[in-house]
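Worksheet: one structure, shown below.
The values are calculated or read from the model by the stated rules, or taken from the named source; none is laboratory data. None of the values given here were measured: they were computed from a predicted structure. Heads up, the Cβs are rebuilt from the backbone with ideal geometry, glycines too, and the neighbour counts pull from every protein chain shown. Surface areas here come from the heavy atoms of the whole protein model, side chains and all, with no ligands, DNA or RNA. Shrake-Rupley method; radii C 1.70, N 1.55, O 1.52, S 1.80 Å.
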Amino acid sequence: METEDDLCNNNWGSSSSKSREPGLSDGGNQTFAGFASQQKWEDASILDYEMGVEPSLQVFDEMKASGQANVDFLQGVRAQAWDPRTMLSNLSFMEQKIHQLQDLVHLLVGRGGQLQGRQDELAAQQQQLITTDLTSIIIQLISTAGSLLPSVKHNMSTAPGPYTGQPGSALFPYAREANNVASQSQNNNNCGAQEFDLPKPVVVDERESHVVEEHEMKDEDDAEEGENLLPGSYEILQLEKEEILAPHTHFCTICGKGFKRDANLRMHMRGHGDEYKTAAALAKPNKESVPGSEPMLIKRYSCPFLGCKRNKEHKKFQPLKTILCVKNHYKRTHCDKSFTCSRCHTKKFSVIADLKTHEKHCGKNKWLCSCGTTFSRKDKLFGHIALFQGHTPAIPLEETKPSASTSTQRGSSDGGNNNQGMVGFNLGSASNANQETAQPGMMDGKISFDESFSPMNFDTCNFGGFHEFPRLMFDDSESSFQMLIANACGFSPRNVGESVSDTSL
Amino acid sequence: MSMSPSILSVLSEDLLVRVYEFLDPPCRKTWRLISKDFLRVDSLSRTTIRILRVEFLPTLLFKYPNLSSLDLSVCPKLDDDVVLRLALDGTVSTLGIKSLNLSRSTAVRARGLETLARMCHALERVDVSHCWGFGDREAAALSSAVGLRELKMDKCLSLSDVGLARIVVGCSNLNKISLKWCMEISDLGIDLLCKMCKGLKSLDVSYLKITNDSIRSIALLLKLEVLDMVSCPLIDDAGLQFLENGSPSLQEVDVTRCERVSLSGLISIVRGHPDIQLLKASHCVSEVSGSFLQYIKALKHLKTIWIDGAHVSDSSLVTLSSSCRSLVEIGLSRCVDVTDIGMMGFARNCLNLKTLNLACCGFVTDVAISAVAQSCRNLETLKLESCHLITEKGLQSLGCYSKLLQELDLTDCYGVNDRGLEYISKCSNLQRLKLGLCTNISDKGIFHIGSKCSKLLELDLYRCAGFGDDGLAALSRGCKSLNRLILSYCCELTDTGVEQIRQLELLSHLELRGLKNITGVGLAAIACGCKKLGYLDLKLCENIDDSGFWALAYFSKNLRQINLCNCSVSDTALCMLMSNLSRVQDVDLVHLSRVTVEGFEFALRACCNRLKKLKLLAPLRFLLSSELLETLHARGCRIRWD
C-alpha cells in the first residue's frame, strides 16, 4: 500500500512540478487536491485501474476556455506520453496564423480609412475572409486541444468526482455511468456549438469530439478476459446512437455542406478560396497533430446498445476497433434492414455497402441450401451443410429435357429459363415482394455513393477508396440492368410457388 | 402315389421349411410344383426374387410376402408409372424389402425412386448402378430412405456433388458406398461424405477426378476397411501419405492404374497399416524395390497382392513369398521379368495360393506351372493368357495335382494341343475354361473336355478354328450346365453342330459371331432348345434366313441382348423379333442390308418402351422420325450412332 501510494504520488509530483505554471486553473487544482485522497481507497485494486468518473463540465469548459495554459497543464499531466515539442510546433503554427490574421485586419483597418465610401459588398467580402481565417484557427485549436483530451481525461478521471466519497466506488454500476456519459457527450456537442458561435455546428472528427467518453474496465473478470489488450492499455470510446446514424460527420464551416469524410470536405474547401489549396490545408489533419512518433494509447470502441457483446458493460465485452466498425456493427445489428436487394427482393441489409456487395453477386448464387441460404461458391455451401445438421443442398428446378433433335435450337432459351428459375427460387418465402419495393432500393443505391465512402474517414491511407467510385457506378447500372432482365422474364408468383415446391421434394 | 401324401402329412411346416432351406434354386422350382403345402412353404420362405417381367411384379410381391431382396435389374419396361401403380395397389406389401436392385433401370426417375423409398421403409441396400439418368434429383428422392446402409451408384453419370450431398445428409448411416464412374463427383462431395457418414466401411471412388484433398478427408474415416480408387489420375504419393496415419481400420486398398502413384505412396500405406489384407497396385508401380519389400515383410496378414505390370525380379518374388506366407492371391500379369526360378521359389513358400495371374509373363514355362501345381494344391484360378511357352507338360501337372482348379485361362497359348486338353479335363471341378485363339486344338481335345468337365459353366472357344461339329456335339452332350459359350469365328461349325447346342438348356450367353455356315435351321434349333438364352451374338452370320429369326422371335422370350449386325434379316423378321422379344433391352442393328428405313421405324416403335441401348448406323439419325427418337430418349434408351 505504501509503495503504491508513493509511486503514485511521485508520478504526480513529477508531473505537477512541470505543470506549475501561471495558468494552472482552479479546476486543475481541485483535481490535484482530490487525487491523493482518491488513492487511499483505490489502491486496493490494480494500480492501473482508473475510474470512469463523470467529468465535470466545469473542468471541460475551463480547459477549452483557458487555451494555452490549459494545454500546458495537460502536457504536464501527460508528460510521459506526450511530446511537448509537437505541441509547441502546433501552437507556434497557430500563433503564426493569428499574427497573419492580425496583419490582415490591420491592413483592412488602414484601407478601410481610405476606402470609406466603397460598397457594402466589399465589406462583406472582407468580413467573410476574416471569418474564414478565424474559423480555421479555431479548428486548429480545437483539434490540437482535442487530440489531448482523451489522455487528459485518462488522468483526470482519477480525480475525485461526485462519487469520490463512496467506499465502494470501484464497483459503480455500469448503467448509471453509461447514462452519464451519454448525457455528457450531448453536452459536449452543445457547448462546442455555442462556444464558437459558428454558422453551422462544427463537428470535428469524432475521435476528437467524443474523447471524453473514455472509460476503463472495472470488473475484474472482464479485466482478465480482456483478450490480448490489457485493461488500461487501451481506452474505450462510445459514440451515441444519433452520432452513429448521422448521415454526415464533416461540415463545411463556410457553407455548411455536410460530408461523410474529411477528405471530401477538404476537397470541397478548395472551392472556398486559395488558402485551402495549400498543401498544409489539404494534408490530413491527423498527420499534423499526431505525428507517427508519438506513442498513442490504442483506442477501442464500445457499442451504445446495452446488452450487446460489443457494449462495454457486457460480461465478455469485445471492443470494436474503429469507428467504421462501430457504425457498421450498429447498423447491422441494431437497426432495421431497410435496403432490399432489387434483384432477389429477399435479402435485406442495413448497410448500403453490404447491399452493394450482395447485388454484385445476387443471381450468381447458384448454390442453394434447403434452408434458403444461397451461396456463390459450392465449397461455401458444402461447408454450410457440414456445419448445420439436417441442411441439404436444394436442387433448383426440374430441368427441362430437350429432345435430341431440338436441343441445339433450345439451348439459349433454356439458359433463360434457368435464370428465371434462379430468381424464382431466391424469392423463396418473400414471394409477395414486388417491383414497388425494388424501386426505393434502386434509389437508395444511387444516393448511397457518399455513404459508401465513409470508410475513407478512418482509413489512414485511403485515397485508394476513390478507385471504388467508377466500379460502384458500373455495378449499380449493371444491377438495374439485371433487374430489368428479371422483369422481362415475366415470372409470376405462381411460378415461384412451383419452383419452391419442387425444391422441397 | 397313394403313399406320398401320408409321408408328407407327417412333416410339419417348420420341418418342411428346414428341408426347403437346403435346396438350390432349380430344385425349389420343382418343389413348389409338388403340392399346395410345399408351395405355401415356398411362398413363405422365399426372401429373394429377381423379376424378369414387370407385368408379374404385383402378383409376385403379393405371393411372396416375406421378400427381403428384390432384383429389378433385368426387368424391362420398369418405369415411374409402374412404381406409382404399385404404390397404389393396397395388396402389395413391400415393408420387408431391405435390398433393392435397380441397376440399369434407366426409366425409373425421381418420382419412382421417391415412391419406392417411401414404400420400402426397411430399405438398407440399393443398387442404382448404370442408371445414366440418375442425377441429383433422383439422389434427393432416394435420400428419403434414411435407413440406407449400402448404396451402389456406379456410372450414375449425372450425379453431382449436390446429389451426393443429399444422400449423405439423408442417409448418414451408410457404411458402404460405391461412386465408381460418377464423373461429376469432386473433392467437395467426398469431403462431405466423409464428414457425414462417419461409419463408412467401404468406399469406392474409382475413376473419379478427385485430388489428394479427398484422401485427406477419407483418412479421417475411422471405420473404413475397404478403399477402392482405381485409376484416379490426380491422386499421388502425397495423398497416400494421409492414409499412413489415417483410417486405422483399413484392410483393403486398390490403387490400380493410379498414374501418379509410385512405390513411395504404397510404402506409406503399408507402413501405416500392418494388418492390411489386400493390396492391389497393378499398373502403377514400375518396380518392386528392396525398400518396398522391407515394408511388405511386416504384413503378416496380407492375403492378396496385385502388382501387375511391375518389374519383379525373381529374387524379390522369393523374398515377397517368404515373408507373406498367408498369400492367397497374387497378380503378376505383364510382369515380364518373372521366370521359372522366381515362380518355383514362390510356389514353395505360398502353399495356400488360390489365385495366380501370370498373363503375358512370356518367360514362364511348364517348369513353373508344374511347381505351382505341385505345391499349391488349393489353386482355384490360374490365368496364363499369352504364356506361349506352356505346353502339354505343364497342363499335365495341372491335371494331376490341381483338383480344385475352377478357372483356367489359356487364351492365346498356342502351345496347348489336344493332349493338353486331355490333361486339363482331369480337373473335374473346372467351371470356367478359356481356350480362345488356341488354334492347335481339334475335335479330339474338345471331346475330352465335353466328356469329363461336366461342371463347366463357361467355355470360350473364340477363333478355335481347328474343331468342328463333332466336338460341339460332345460338348453339348457332356457339359449340361454350360451357361456361357463362345463359338465366334469357329469357322468349321455348321448347322449340324450348332443344332446340338439346343441340349444346353441352361445356356444364357451364346456368341456365334462370324459363323458363315449356319442357317436358319441351326438358329431355330438353338432358339427352340435354349429357353434361358439372354445374350445372343449373330454378327456376320450372313446365311441365317428369316426362318431362324422367326423361330427366335417365337421361342427366345428371355432374350435381353442381341447383336444382328450384318445379318440378312428382313423388315418383317426384324419387326417380328423386336415386337415379340418382350425382354430385349440392348440391340445392335448395324449394316442390315435388307432392312429399310420403314422397317427400322416399325421395329423400333414396337420395342421402344423397353430398349435401353441401341446401336444404329449414323445416317438413320436423320431418317428415323424424331418422335421415335424422342420417345426412346425419354424412356432412358441410349443410342450409339455408328
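Observations on the model:
- Options A:Lys360, A:Lys401, A:Lys356, A:Lys364; residue that is part of a helix (DSSP H, G or I), more than 23 Å from A:Cys308 (Cβ to Cβ) and at pLDDT below 85: A:Lys360
- Counting residues in the range B:227-247 that are closer than 25 Å to B:Ala145 by Cβ and either crowded, with 19+ Cβ neighbours inside 10 Å or touching a helix residue (DSSP H, G or I) at 6+ places or on another chain (Cβ under 9 Å) (or both) gives one or more.
- If you filter the range B:631-642 down to residues that are surrounded by 17 or more Cβ atoms within 10 Å (Cβ to Cβ) and touching a strand residue (DSSP E or B) at 6+ places or on another chain (Cβ under 9 Å), you find that the one that is nearest to the other protein chains (Cβ to nearest Cβ) is B:His633.
- Which numbered condition B:Cys156 fails, given (1) more than 27 Å from B:Ser508 (Cβ to Cβ); (2) touching a Phe, Trp or Tyr at 6+ places or on another chain (Cβ under 8 Å): (1)
- Cβ pairs under 6 Å, 6+ apart, first in the range B:615-642 and of a type in the set (Ser, Thr, Tyr), second open to solvent by 60 Å² or more (accessible area, probe 1.4 Å): B:Ser626/A:Ser405
- Checking the stated criteria, B:Pro76 turns out to be over 26 Å from A:Pro396 (Cα atoms) and crowded, with 21+ Cβ neighbours inside 10 Å.
- Considering residues of the range B:198-213 that are surrounded by fewer than 24 Cβ atoms within 10 Å (Cβ to Cβ) and farther than 25 Å from B:Arg260 by Cα only, the residue farthest from the other protein chains (Cβ to nearest Cβ): B:Lys201
- Strands (runs of 3 or more DSSP E) contained entirely in the range B:515-630, each with at least 3 residues that are among the aliphatic types (A, V, I, L, M) and crowded, with 19+ Cβ neighbours inside 10 Å: none
- Inclusion of B:Leu577 among residues that are out of contact with any strand residue (DSSP E or B) (no Cβ under 6 Å at 6 or more places or on another chain) and within 14 Å of chain A (Cβ to nearest Cβ) is not warranted.
- Residue list for the range B:374-408, filter: open to solvent by less than 10 Å² (accessible area, probe 1.4 Å) and not in a strand (DSSP E or B): B:Cys376, B:Leu379, B:Leu384, B:Cys387, B:Ile390, B:Gly394, B:Leu395, B:Leu398, B:Gly399, B:Ser402, B:Leu405
- Elements of type helices (runs of 4 or more DSSP H) in the range B:119-196, at least 3 residues being in contact with a Ser or Thr (Cβ under 7 Å, 6 or more places away or on another chain) and within 10 Å of chain A (Cβ to nearest Cβ): B:161-170, B:187-196
- Conditions (1) crowded, with 23+ Cβ neighbours inside 10 Å; (2) modelled with pLDDT under 90; number of the one not met by B:Cys131: (2)
- Given (1) within 14 Å of chain A (Cβ to nearest Cβ); (2) part of a helix (DSSP H, G or I), number of the condition B:Leu116 does not satisfy: (1)
- Options B:Leu222, B:Leu234: the member that is out of contact with any strand residue (DSSP E or B) (no Cβ under 8 Å at 6 or more places or on another chain), without any contact (Cβ under 8 Å) to a residue 40 or more places away in the chain and within 23 Å of B:Leu157 (Cβ to Cβ): B:Leu234
- Residues satisfying the stated conditions in the range B:88-100, i.e. open to solvent by 40 Å² or more (accessible area, probe 1.4 Å) and in contact (Cβ under 8 Å) with a residue 12 or more places away in the chain: B:Asp89, B:Thr91, B:Ser93, B:Leu95, B:Lys98
- Members of the range B:484-509 that are touching an Asp or Glu at 6+ places or on another chain (Cβ under 7 Å) and either crowded, with 22+ Cβ neighbours inside 10 Å or among the polar types (S, T, N, Q) (or both): B:Ile486, B:Leu487, B:Ser488, B:Leu493, B:Thr494, B:Thr496, B:Gly497
- Beta carbons closer than 6 Å, at least 6 apart along the sequence or on distinct chains, pair a first residue in the range A:366-394 that is within 10 Å of chain B (Cβ to nearest Cβ) with a second that is surrounded by fewer than 16 Cβ atoms within 10 Å (Cβ to Cβ) for A:His391/A:Cys371.
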